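Peer 1: Got a structure for you, written out below as structure tokens; questions coming shortly.
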Amino acid sequence: MNVLAIDIGGTKVALGLVSNGKLSDRKQIPTINVTSVNQFANHILKHCQSWLADVDRIGISSTGLVTEHGISAINPETLAFPTPFPLHTEMEKLTGKPVAMLNDAQAAAWYEYLHLAEQEKNMAYITVSTGVGGGLVIDGKLHRGQTNFAGHIGHVVIDPNGPICGCGQQGCVEAVASGTAINKYATQTITTPINNIELFDQAHQNPDAERVIQQSAQAIATLCCNLKASLDLDVIVIGGGIGLAKGYLARVILHIEKRPLPFQIKLVPAKGNYDACLLGAAYLFEH
């Protein structure tokens with residue numbers, strides 16, 4: 001089976017042709033300013049016309065709240081679409097192919113669960129990227145909740161006196177630990193302009209850069225321990241551009257190891273690497 005996989009993030013849209021579960025071709029385009037669902041659907045299809053004749057199905061993963069009505073932004077600073085945004089029905093109408101759509105981290109969670117090295121029953125996937133998202137697998141089943149809101153763990157409040165999050169709450173994990181938050185803190189504390197890639201490159205010799213990264217890592221460690229306490233998880237998978245950045249996971253693990261033993265949890269990097277959400281979009285049709 002060939003699946004056109006589409007992963008929509010705040011800054012980029014990843015496109016992949018997945019054949020028999022393997023990513024055989026990949027493209028990436030910027031996330032554009034969106035005025036209508038038809039405009040956005042055609043923008044995507046324009047970049048993957050050469051694949052469509054071979055595609056059997058289309059899987060879409062997207063940041064935000066995804067329901068049968070479409071995509072809604074939890075944090076408009078991360079993704080600003082008109083609401084609701086029925087991309088799945090528009091893609092089905094334009095292509096005539098079956099379309100499935102799910103929140104990106106929920107899709108990645110299912111992909112990662114199917115590829116765990118050990119047979120675990122209870123797992124969380126956390127992506128630390130432009131925002132912070134998550135997906136939950138409980139008793140071997142993807143847990144989406146009645147309104148598909150389950151797994152939006154980036155909006156768990158860890159500091160009531162922390163920064164205002166784009167979702168409207170104060171002190172969310174996303175407002176402290178995301179790539180966007182890291183960049184904001186770096187801009188405030190480091191006099192020389194610096195992007196997140198440079199920040200990680202310089203951290204070993206720049207205490208200010210290391211402090212910014214550690215603040216994020218500590219927030220994610222707190223989230224992991226909270227998930228262990230609330231759900232008694234077996235393992236947490238970490239992905240995303242920040243989550244998979246050099247040395248980030250090791251920093252999170254060190255913070256977790258300082259916690260009392262009952263709160264500690266095994267962490268592993270995403271098997272899907274930076275494409276866990278993209279592969280997750282294709283695996284919406286599996287099991």
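Peer 1: Which of the residues that make up segment 255-287 are free of Cβ contacts under 8 Å to residues at least 24 places away in the same chain and either touching a Phe, Trp or Tyr at 6+ places or on another chain (Cβ under 6 Å) or among the hydrophobic types (A, V, I, L, M, F, W, C) (or both)? I'd like the intermediate steps shown before the answer.
Peer 2: Restricting attention to segment 255-287, the residues satisfying the condition of being free of Cβ contacts under 8 Å to residues at least 24 places away in the same chain are 257-258, 260-261.
Passing the criteria: only 261.
Peer 1: Could you say which residue among 230, 216 is part of a helix (DSSP H, G or I), within 25 Å of residue 158 (Cα to Cα), in contact with a strand residue (DSSP E or B) (Cβ under 8 Å, 6 or more places away or on another chain) and small (Gly, Ala, Ser)?
Peer 2: 216
Peer 1: Right, another one. Failed condition for residue 268, given (1) buried (at least 21 other Cβ atoms within 10 Å of the Cβ); (2) outside any helix (DSSP H, G or I), with all others met?
Peer 2: Here residue 268 clears every test but (1).
Peer 1: Select, from 195, 183, the only residue that is surrounded by fewer than 16 Cβ atoms within 10 Å (Cβ to Cβ) and either touching a Lys or Arg at 6+ places or on another chain (Cβ under 9 Å) or not β-branched (Val, Ile, Thr) (or both).
Peer 2: Result of the check over 195, 183: 195.
Peer 1: For segment 247-255, check the following and say yes or no: at least one residue is surrounded by fewer than 17 Cβ atoms within 10 Å (Cβ to Cβ), closer than 17 Å to residue 270 by Cβ and at pLDDT 95 or above.
Peer 2: yes
Matching residues to (1) buried (at least 19 other Cβ atoms within 10 Å of the Cβ); (2) of a type outside the set (Val, Ile, Thr); (3) modelled with pLDDT under 95:
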site	(1), (2), (3)
137	yes, no, no
143	no, yes, no
152	yes, yes, yes
155	yes, yes, no
166	yes, yes, yes
175	yes, yes, no
178	yes, yes, no
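Yes/no matrix, rows are residues, columns are (1) modelled with pLDDT under 95; (2) not acidic (Asp, Glu):
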site: 47; (1), (2): no, yes
site: 57; (1), (2): no, yes
site: 79; (1), (2): yes, yes
site: 83; (1), (2): yes, yes
site: 89; (1), (2): no, yes
site: 101; (1), (2): no, yes
site: 109; (1), (2): no, yes
site: 112; (1), (2): no, no
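Peer 1: Evaluate the following for residue 128: is it under 18 Å from the mean Cα position of the chain (by Cα), touching a residue at least 40 places away in the same chain (Cβ under 8 Å) and either in the same structural domain as residue 12 (by TED's automatic domain parsing) or within 22 Å of residue 275 (Cα to Cα) (or both)?
Peer 2: Judged against the criteria, residue 128 is a match.
The values are calculated or read from the model by the stated rules, or taken from the named source; none is laboratory data. Keep in mind the model is a prediction, meaning the values are calculated, not measured. Glycine also receives a Cβ, built like all others from the backbone with ideal geometry; neighbour counts cover every protein chain displayed.
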